[in-house]
Amino acid sequence: MIDQFVGFCLRHRLSVIVVAFLLAGFGVYAWETLSVEAYPELGDVSAQVTTQMPGLAAEEVEQLITVPLERQINGTPGLFLMRSTSTFGLSLITVLFRDGYEDYWVRQRLLERIAQATLPAGAAPSLDPVAGPGGEIFRYTLESDRKNLQELSEIQRWIVIPAIKSVPGVVDDTNFGGFTTDYQLDLDPAALDRYGIGITDVINAINNNNANAGGGRVSRGDQSYIIRGVGLIRSLADLGSIVVTQSNGAPVLVRDLGKTTLSHQEREGILGKDGNPDTIEGIVLMLKYQNPSETLKGVHAKVAELNHQLESEGVRIAPYIDRDDLVKMTVSKVGRTIAEGIGLVFLVLILFLGSPRSAFVVAVVVPLALVAVFSLLNLTHVSANLLSLGAIDFGILVDGAIVVTEAVLRRREATPTEELSESEVKAAVVQVTRPIFFASLIIIIAYLPLFSFQRAEAKLFTPMAYTMAYALFGALAAALALVPALARAPDRRLSQSAAQMPVRTAHHLWRGGGGAAGGDWVRRHGRARIPARSRRGIAVAAGPDADRPVAESRHRHGQRPAPRRVEASRGLFRGDPDRPQRRRHRSLDHVAYRGAGGAQTLRHLAGRRIEA
């Protein structure tokens, strides 16, 4: 099946190249829409049950609220761990669930069980927003030269927070700092004593007169009038006009019992920033599993809109923590690493393959593998992060392409003056396709244990395993489908000057072009290794007996007489104007050449060799 696939791609190589360009375009689109995070979301599927009960001590909160809720939550499907905290006026229960459970499903189960708990009057448990530990994406403060802190608090609660919460992907905008405005009534004890009224009477009177009442309709002919009672307190004057009781037939109003003022609740925290000791901020939380880049784009657009709207009032939203900066740094770092990796791979390929065109054919696999990564990550809804993208190994990706390219180049060098046919290219590639396929498959299988991780480990390493598997798949597909067509198409006739450059360099060194010191070093060593791979042949002779006559050296070692001429394997010196003569290499017995990147073995009369 692999052979048929390679043959099909060679027969339709133009279509394969067009498809590669189309996939590259889709990869760019996938990168633009891909969810890119600075770091993966490590939090478990969890929920927090919060209950406020002002006035209760921590012991009563534990006995009356926390313990009853815990008993009802126990037994929730998928429950993994539960822990609670009880403080003055507050009960907080954190519930963790096993992997595989959906957030909204477990929250619905929690709400069903919480509703069955028996709690004190006024206790209303609630769940936290659906946001992970890394859901905080944006922080800002309100700044103004004309508004005081209380006015800024009103703008924050009634204008800014509702607008930002309307952005897709934002689950909450939490306020910190500022004031909470309320109407206050300072009662006069002497007035209460004079009219014989208690504080409870005043509270009941205010509660009973702070509501709207629904009515009916009064019909007059063809028209109807809606009747309703309006009683909500809208100003300090409305609060002061409430009737509490009567004295000697005269109503006793709230303003007769004390002083009404517009103030704020008792503050339990304060926020300072830079040189401002008292300011107000907002903390924007992102909905779990959302794309932070897209969400931040909406937040930035809404902040710009609000700044334009509040400019006439002298109020400005000043961001001071923005996840977008970290995401941009991550993308920039990954992009620079990828560019440097591709450039380094290209230079190394030029050095070892000896041909820029061949190096380009191999290096083109790297961007195509990245295209496969971005496309498949987008299709499978897996987010990318610095850890997963940074784990891509370019050396592994180009291995298959190098083997395929060397197989084609070997056929070229065998017949450098003849044009390669499609059948010859296919025959060369088919010899290496199965090893390449199974080698890549083995590497992909090596990442399978990462998918067995659970909880935080799974969220940390699973995206990396997906990324490497997709990259290897893309590199394998490009090596089998595109590289054979490109290896044949750019240069169908082998350039002799490029092909013989390593050979000529070796000849030049052997003839003394490298200097007396270089020639003496080669002759002194019976075995040497040249730490470089070349797709060309290399002809070097070395050994202490290099200058001895052939017959003398062979009889000395008890060998048969030397042949009358030097034999070179097919294609090594073919067409070379500087073909070595017998008299220049009298000590050579055999030159074995095994194609691109293979080993070249040179045997001289002493039985020693040089391997390159």
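The values are calculated or read from the model by the stated rules, or taken from the named source; none is laboratory data. No experiment lies behind these values; they were computed from the predicted model shown. When we count neighbours, we look across all protein chains shown, and the Cβ atoms used for this are built from the backbone with ideal geometry, even at glycine.
Taking the condition in contact with a strand residue (DSSP E or B) (Cβ under 8 Å, 6 or more places away or on another chain), buried (at least 17 other Cβ atoms within 10 Å of the Cβ), not in a loop (DSSP other than H, G, I, E, B) and not assigned by TED's automatic domain parsing to the domain that holds Val299, does Ser153 pass?
Criteria not met by Ser153.
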In region 1-11, the residues that are part of a helix (DSSP H, G or I) and loosely packed, with under 11 Cβ neighbours inside 10 Å: Gln4
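Name the one entry in Lys333, Lys297 that is closer than 20 Å to Thr467 by Cβ, free of Cβ contacts under 8 Å to residues at least 60 places away in the same chain, in a helix (DSSP H, G or I) and among the basic types (Lys, Arg).
Exactly one residue qualifies, and that residue is Lys333.
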Matching residues, region 253-298, being of a type in the set (Asp, Glu) and crowded, with 19+ Cβ neighbours inside 10 Å: Glu281
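Being part of a loop (DSSP other than H, G, I, E, B), surrounded by fewer than 19 Cβ atoms within 10 Å (Cβ to Cβ) and either among the aliphatic types (A, V, I, L, M) or touching a strand residue (DSSP E or B) at 6+ places or on another chain (Cβ under 7 Å) (or both) is the filter here, so list the residues in region 49-75 that pass it.
Within region 49-75, just Ala57 meets the criteria.
Go through Leu14, Leu22, Leu42, Leu34 for me and flag whichever is surrounded by 15 or more Cβ atoms within 10 Å (Cβ to Cβ) and on the phi < 0 side of the Ramachandran plot.
Exactly one of Leu14, Leu22, Leu42, Leu34 is surrounded by 15 or more Cβ atoms within 10 Å (Cβ to Cβ) and on the phi < 0 side of the Ramachandran plot, namely Leu34.
Results for (1) touching an Asp or Glu at 6+ places or on another chain (Cβ under 9 Å); (2) over 28 Å from Glu281 (Cβ atoms); (3) outside the structural domain of Asn175 (by TED's automatic domain parsing), shown as yes or no for each residue.
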| residue | (1), (2), (3) |
| --- | --- |
| Tyr39 | no, no, yes |
| Thr51 | no, no, yes |
| Ala58 | no, yes, yes |
| Pro68 | no, yes, yes |
| Arg71 | no, yes, yes |
| Phe80 | yes, yes, yes |
| Thr85 | no, no, yes |
| Gly89 | no, no, yes |
| Arg113 | no, yes, yes |
Tally, over region 190-232, of residues that are over 17 Å from Thr260 (Cβ atoms), surrounded by 10 or more Cβ atoms within 10 Å (Cβ to Cβ) and hydrophobic (A, V, I, L, M, F, W, C): 3
Restricting region 78-102 to residues that are at pLDDT 90 or above and of a type in the set (Gly, Ala, Ser), the residue that is nearest to the chain's Cα centre (by Cα): Ser84
Qualifying residues in region 181-213 (those that are over 16 Å from Arg234 (Cβ atoms) and charged (D, E, K, R)) - the one nearest to the chain's Cα centre (by Cα): Asp186
Leading residue by the ranking (surrounded by the fewest Cβ atoms within 10 Å (Cβ to Cβ)) among those in region 99-138 that are in contact with a Pro (Cβ under 7 Å, 6 or more places away or on another chain) and either among the hydrophobic types (A, V, I, L, M, F, W, C) or in contact (Cβ under 8 Å) with a residue 60 or more places away in the chain (or both): Leu119
Qualifying positions in region 208-254 - closer than 30 Å to Asp193 by Cβ and among the hydroxyl-bearing types (Ser, Thr, Tyr): Ser235, Ser241, Thr245, Ser247
Residue match in region 265-273 (condition: out of contact with any strand residue (DSSP E or B) (no Cβ under 8 Å at 6 or more places or on another chain) and among the acidic types (Asp, Glu)): yes
Counted residues, region 453-467 - those being in contact with a helix residue (DSSP H, G or I) (Cβ under 8 Å, 6 or more places away or on another chain), in a loop (DSSP other than H, G, I, E, B) and of a type in the set (S, T, N, Q): 0
Condition check for Thr174: in contact (Cβ under 8 Å) with a residue 12 or more places away in the chain and either polar (S, T, N, Q) or closer than 19 Å to Gly269 by Cα (or both): yes
Helices (runs of 4 or more DSSP H) wholly inside region 347-396 containing at least 1 residues that are more than 14 Å from Leu472 (Cβ to Cβ) and more than 28 Å from the chain's Cα centre (by Cα): 356-363
